[in-house]
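All remarks here apply to the structure that follows.
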Amino acid sequence: MPRDNPVVEDGEEPRLPPFGVRKLSVPADWVGGVSRFRLYPTLAQQILLLEQCGHARYVWNLALEQWSMWTRGKGSTANFAEQCRQLTEARAEYGWLRTGSQTVQQQALRDFEQAVKNFYAGTHRRPTWRRAGLHEGFRIVGLQAGRVEQVSRKWARVLVPKVGWVRFRLSRAVPDAKSYRITRDRAGRWHLAFAAIPPPIPAPGTGEVVGVDRGVTVSGALSTGELLTCPGLSETEQVRLKQLQRRLARCRRGSNRRRRVKAAIATLYARARDRRKDWVEKTSTDLARRFDVIRVEDLRIAPMTRRPKPKPDPERPGAYLPNRRRAKAELNRGVLANGWGLLVQRLEHKAAGRVEKVNPAYTSQTCSVCEHCAPENRESQAVFGCVACGHRANADVNAAVNIAAGRAVSARRETPVRVPLKREPQHATSA
Ligand SMILES: [Zn+2]
């Protein structure tokens, strides 16, 4: 272990190095919540970090197992305090667990508790098993999360319990966060992410409402007529991804070649994810700055990810008519790729109390001008053409206007319905 990376026990005051001035601040206009830095641990540190990840994962999975067994039969689950007591017992029993940081392991329990709360609140899915190689990460909270210092203009370092000082690239200002998370992605890159919920952006005060529709032909559409495009992989990158996936299928299991191909695929996916996250931050900031109320479709209501029913062919028994399952599968993939859920989450942070969720039923079939609702209104995926009044528009924009006018079904704060659009659409969903 290098000399400038002393292993520090939990709670022990770190030996501060001679250099490094604490000059880490948040710029006044800092709005991005994803304050992620590339972490550069030494090889020895990587081993220690991976061990911590393993401990956190073990504790999480244990809590998950307990929770899923409890919900099946009994009424109440073990609470956090009880689980902490069990963790202490487990640490006394298992030496390998004891060598790890108690803070990291307790935090895994706390994170799990939060995941369960989120699940019951309906905002998140059921907590899942953490798997080695896929979910490598742990969280540091509290005073220990504040041990960060700048080393040079481009570099800073963070004191990780039981690991020591780990360098990271100072690609932006470090926020004054109460916690951070260290993760290793599938491509083997380490990251340090400070969990700072971005400060809410003040509403412009114009009373303007915007509807945002998750698009079919593009990533999204605003009721103002603007189209949103979430960047993914470029044409050439997609071709390369296909090639790599084909190559992977031919690789022998456990071979070095397979490992290399897998890493190359993971790098491409990571690139797409970075672009998507960047887009989400920019778009959510822009929307929060420009509009007082932002209406989005309620994703829990939308049966988007459900499979379309098979349509039997009346003329040929046993055969089926096309039911647009392919198209729907494409759309589902697009939804995932577009990071829609993430956008809504960031909007709720930045435009706190100003985001309203609208029941999206029939928004794509209803005319935003005359309110006529019919499946025939959809001329194609891209074009909306009202069969009653002849109104023609981009299908996604038409749906976004409906959403802007829609009744909020689960608003955090009830806002009086004011729709200062040029034409005054009727409330399509208030019947
Ligand atoms: Zn119409």
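No value in this document is a laboratory result; all are computed from the given coordinates. Note that the structure is predicted; figures quoted are calculated from it, not measured. Cβ coordinates were reconstructed from backbone atoms using ideal geometry, including for glycine residues, and neighbour counts include every protein chain displayed.
Annotation: amide H-H contacts under 5 Å for residue 101 (H modelled 1.01 Å from N, sequence separation of 5 or more, or interchain): none. Placing +1 on the Cβ of every Lys and Arg and -1 on the Cβ of every Asp and Glu, with no other charges, gives the range 103-256 a dipole of roughly 1220 debye about its Cα centre. Cross-link check: pairs 178/277; 162/277; 162/262; 242/350; 178/262 evaluated at a Cα-Cα cut-off of 27 Å; pairs beyond the cut-off: 162/277; 162/262; 242/350; 178/262. 3J(HN,Hα) along the range 376-388, derived from phi through the Karplus expression 6.51 cos²θ - 1.76 cosθ + 1.60 where θ = phi - 60°, amounts to 5, 4, 7, 5, 7, 3, 9, 10, 9, x, 5, 7, 8 Hz, with x in place of Gly and Pro. The loop-placed trypsin sites (Lys or Arg not before Pro) in the range 223-286, going by DSSP, that have at most 13 neighbouring Cβ atoms within 10 Å of their Cβ come out as 252, 253. If you take all other residues with their beta carbon under 9 Å from the beta carbon of residue 297, and give Lys and Arg +1 and Asp and Glu -1, the sum is +1.
As a footprinting exposure proxy, order 68, 368, 380 by other Cβ within 10 Å, with the fewest listed first.
Ascending number of Cβ neighbours within 10 Å: 380, 68, 368.
Would you mind estimating how fast the range 150-218 diffuses translationally, via Stokes-Einstein at 4 °C and 1.567 mPa s with the Kirkwood radius over Cα pairs, in µm²/s? Translational D for this selection: 81 µm²/s.
The local environment of residue 115, defined by Cβ-Cβ distances under 13 Å, has a net charge of +4 under the rule Lys, Arg +1 and Asp, Glu -1. In order along the range 185-191, the phi-based Karplus estimate (6.51 cos²θ - 1.76 cosθ + 1.60, θ = phi - 60°) of 3J(HN,Hα) comes to 8, 5, 7, x, 8, 9, 9 Hz; Gly and Pro are listed as x. Between the listed residues 142, 155, 112, the Cα displaced farthest toward the positive end of the dipole of the range 108-161, a dipole computed from Cβ unit charges relative to the Cα centre, is found at 155. Compared with the alpha-carbon gap, the fully stretched path from residue 128 to residue 256 is longer by 43.1 nm at 0.36 nm per residue. Here the label points at residue 66 and residue 247, each 7 Å from Cα along the C-beta direction, are separated by 4.6 nm in the simple model. Phi angles across the range 158-165 convert, under the Karplus curve 6.51 cos²θ - 1.76 cosθ + 1.60 with θ = phi - 60°, into 3J(HN,Hα) values of 10, 8, 8, x, 6, 10, x, 6 Hz, Gly and Pro given as x. With all projection directions averaged, the alpha carbon convex hull of the range 199-262 covers 8.3 nm².
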